[in-house]
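Notes follow the structure.
The values are calculated or read from the model by the stated rules, or taken from the named source; none is laboratory data. Just so you know, these numbers come straight off a predicted model, no measurement behind them. Backbone-built Cβ (ideal geometry, glycine too); neighbour counts: all protein chains shown.
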Amino acid sequence: MKRRNFLKNSTIGTAGLITTPILASLNVDQPNKLSTEQSFDGQFPIVICTWNFTNATAKAWEVLNAGGNSLDAVEQGVMVEEADVDNQTVGKGGRPDRDGYVTLDACIMDKYGNCGAVVYLQNITHAVSVARIVMEKTPHVILAGKGAEQFAYENGFKKEDLLTEKSKAEWMEWKKTSQYKPVINIENHDTIGMLAIDQNGDISGACTTSGMAYKYGGRVGDSPIIGAGLFVDNEIGGATATGVGEEVVRTVGSFLIVELMRQGKSPQKACEEGVKRIMAKNKDRKDFQIGFIAINKKGETGSYCVHPGFSYSMFTNEGQVNQPSESYIKP
Ligand code: SD4
């Protein structure tokens, strides 16, 4: 976003005036940190998320455009998908594990590097909100299973059956063969990982999923693991992942991408390197999908994936776009 658009934006008549001194106070000696000069080259406020979850980015944008902070934006953005029963990869309506239980993984990270996560959470739609209160109300980072569920009830969340008729019918069909074979680009959407920069230039991220369909009971993926499925460093940028979580965990993918940006790589180049590291560990195996998205402090974005078909949704002052991702394996 150019300076003129930034100032034109929104509520920003005043927010721009407030923001500029904050930007000016940031360290200008380090190229990866936001300088006053650089601050208007990128785009912010901005929100991006994995896949074409346009309703989610629209919700997050609503928060950002009203002057809200990036933490609220990412939480409320991904909640849209958690509540959508037609989305069978996130929240309510998600596909169950091989025993028929819907178990959710989610995490959230704020501008201070605070983070919270829930793993193997059952019967609660908004796993990301439970993750947020783990971050804000406990001395811990991760709560699992029954403990996480109990904590959620104590904090006013209500018990819900997350297994919809549709997901149940599909699971019963799957049980006939019980063959575990993750499908590449299921329905062209999957786990939602979201990154946002607010009007103050502060970055937050969230990631939430029902995990791989028909996984082993008790399996936890990358999505709630800070550094794997999501990482945010407010001085540098953020990254988040979708795809076969085991592969992302093995390379601590999102942390790696943020560190590569710290070393000077663009979000695009950092995502490419993240995927290449995974492929280097899988010389004989290419039958899985991983997609990374990243954003730096300037609001520049990038993405890369293993197989064609991945894209990310972006909402800025210039509107919403679905950005196709380049892939390691060419179309
Ligand atoms: C997981 N990364 O549980 C998640 C699921 C996902 O594409 O993104 N699937 O491994």
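Quick look at the values:
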{"item": "From the options G227, G237, residue that is surrounded by fewer than 24 Cβ atoms within 10 Å (Cβ to Cβ), within 25 Å of Q43 (Cα to Cα) and in contact with a helix residue (DSSP H, G or I) (Cβ under 8 Å, 6 or more places away or on another chain)", "result": "G227"}
{"item": "Matching residues in the stretch 293-331 - criterion: being in a loop (DSSP other than H, G, I, E, B) and among the hydroxyl-bearing types (S, T, Y)", "result": "S325, Y328"}
{"item": "Among (1) at pLDDT 95 or above; (2) at negative phi; (3) within 14 Å of the ligand (Cβ to nearest atom), the one test that K181 misses", "result": "(1)"}
{"item": "Flag if D198 is away from the ligand (no atom under 11 Å from the Cβ) and among the charged types (D, E, K, R)", "result": "yes"}
{"item": "Residue count, the stretch 97-125 (criterion: more than 20 Å from the chain's Cα centre (by Cα) and among the acidic types (D, E))", "result": "2"}
{"item": "Close pairs (8 angstrom Cβ cut-off, 6 or more residues apart or separate chains): at positive phi in the stretch 235-253, of a type in the set (G, A, S) and surrounded by 24 or more Cβ atoms within 10 Å (Cβ to Cβ) anywhere", "result": "G237/A294; G243/G291; V252/A228"}
{"item": "Any hit, the stretch 107-128, residues being within 16 Å of the ligand (Cβ to nearest atom), in a loop (DSSP other than H, G, I, E, B), in contact (Cβ under 8 Å) with a residue 40 or more places away in the chain and not aromatic (F, W, Y)", "result": "yes"}
{"item": "Yes/no for S254 being within 13 Å of the ligand (Cβ to nearest atom), surrounded by 24 or more Cβ atoms within 10 Å (Cβ to Cβ), part of a loop (DSSP other than H, G, I, E, B) and among the hydroxyl-bearing types (S, T, Y)", "result": "no"}
